[in-house]
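Asker: Encoded as structure tokens, here's the structure I'll be asking about.
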Amino acid sequence: MNQPTMLELSDVITELLAAGQPVHFTATGESMLPLISSGATLHVIPNPVRNNSTNCVGAGLKPARNGHRPTSIGEIVLVKSAAGGVLAHRLVNNKSLQTRGDNSQHLDPAGEIVGRVTGVEQNGRYLNLNHPLWQTFNLAIGHASTLQLRIGASYQASPNLLKLLGRKAATAIFRGLLGLACLAFRNPA
């Protein structure tokens, strides 16, 4: 019997989420290092706010009846890409719904947010991303990522020493927050 392709699995995952079913699956790739390694199990719930092919994530939205709340900046979301695959990346702008892998320097192409990652299992440990501590970490990492991107874009448009220092500081803050999150994940209290 042939193994299903990743694209076929992506279709099954998005269909289950569209039907309101939570899913869990094994992550592949290195785009979310150091927090999520290839081989980690991701627990994903459906995106609570859907409007056909357009997501309406943003300020002022109320939680869905099932208790899920709208997605916010810094959260790790599951995005269905234009190519049909799925990516678990961090939401860095909830107005334009831009996402980015923690281990990437570039924003992802536009896609539809189909779910929110609520937990990660790896190395025999479970990380509950709904815990207030992790929500705070994710929010800080999301804002640091946005700052890093903005300063990087500003530096590209007009390089000078001050912008270079700002870019390096934003990158250091972003990497430091990721490091703290990973340290806490590997050594829970």
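Asker: Return a yes/no flag: does region 45-59 have any residue that is modelled with pLDDT of 90 or more, within 26 Å of Q122 (Cβ to Cβ) and in contact with a Gly (Cβ under 9 Å, 6 or more places away or on another chain).
Answerer: If we filter region 45-59 for residues that are modelled with pLDDT of 90 or more, which is where we start, we get 45-46.
Still in the running and within 26 Å of Q122 (Cβ to Cβ): 45-46.
In the following step, the residues that additionally are in contact with a Gly (Cβ under 9 Å, 6 or more places away or on another chain) were identified as 45-46.
Yes: region 45-59 contains one or more residues that are modelled with pLDDT of 90 or more, within 26 Å of Q122 (Cβ to Cβ) and in contact with a Gly (Cβ under 9 Å, 6 or more places away or on another chain).
Asker: If you don't mind, there's one more thing I want to ask. Among (1) assigned by TED's automatic domain parsing to the domain that holds G29; (2) assigned to a helix (DSSP H, G or I); (3) of a type in the set (V, I, T), which single condition is T136 missing?
Answerer: Unmet for T136, out of (1) assigned by TED's automatic domain parsing to the domain that holds G29; (2) assigned to a helix (DSSP H, G or I); (3) of a type in the set (V, I, T): (1).
Asker: Determine if region 92-99 includes at least one residue that is out of contact with any strand residue (DSSP E or B) (no Cβ under 8 Å at 6 or more places or on another chain), among the charged types (D, E, K, R) and in contact (Cβ under 8 Å) with a residue 12 or more places away in the chain.
Answerer: Of all residues in region 92-99, those out of contact with any strand residue (DSSP E or B) (no Cβ under 8 Å at 6 or more places or on another chain) come to 93-96.
Pick out the ones that are also among the charged types (D, E, K, R) and you get 95.
Checking which are in contact (Cβ under 8 Å) with a residue 12 or more places away in the chain leaves us with 95.
Yes: one or more hits.
Asker: Here are N123, N138, N103: which of them is modelled with pLDDT under 90, within 20 Å of I173 (Cβ to Cβ) and surrounded by fewer than 22 Cβ atoms within 10 Å (Cβ to Cβ)?
Answerer: Working: N123 fails: within 20 Å of I173 (Cβ to Cβ); N138 fails: surrounded by fewer than 22 Cβ atoms within 10 Å (Cβ to Cβ).
Exactly one of N123, N138, N103 is modelled with pLDDT under 90, within 20 Å of I173 (Cβ to Cβ) and surrounded by fewer than 22 Cβ atoms within 10 Å (Cβ to Cβ), namely N103.
Asker: I would also like to ask the following. Which numbered condition in (1) part of a helix (DSSP H, G or I); (2) over 14 Å from T118 (Cβ atoms); (3) modelled with pLDDT of 90 or more; (4) of a type in the set (A, V, I, L, M, F, W, C) is the only one that M32 fails?
Answerer: Against the list (1) part of a helix (DSSP H, G or I); (2) over 14 Å from T118 (Cβ atoms); (3) modelled with pLDDT of 90 or more; (4) of a type in the set (A, V, I, L, M, F, W, C), M32 comes up short only on (1).
The values are calculated or read from the model by the stated rules, or taken from the named source; none is laboratory data. Remember, it's a predicted structure, so these values are computed and weren't measured experimentally. With ideal geometry, Cβ positions are generated from the backbone for all residues, glycine too; neighbour counts draw on all protein chains shown.
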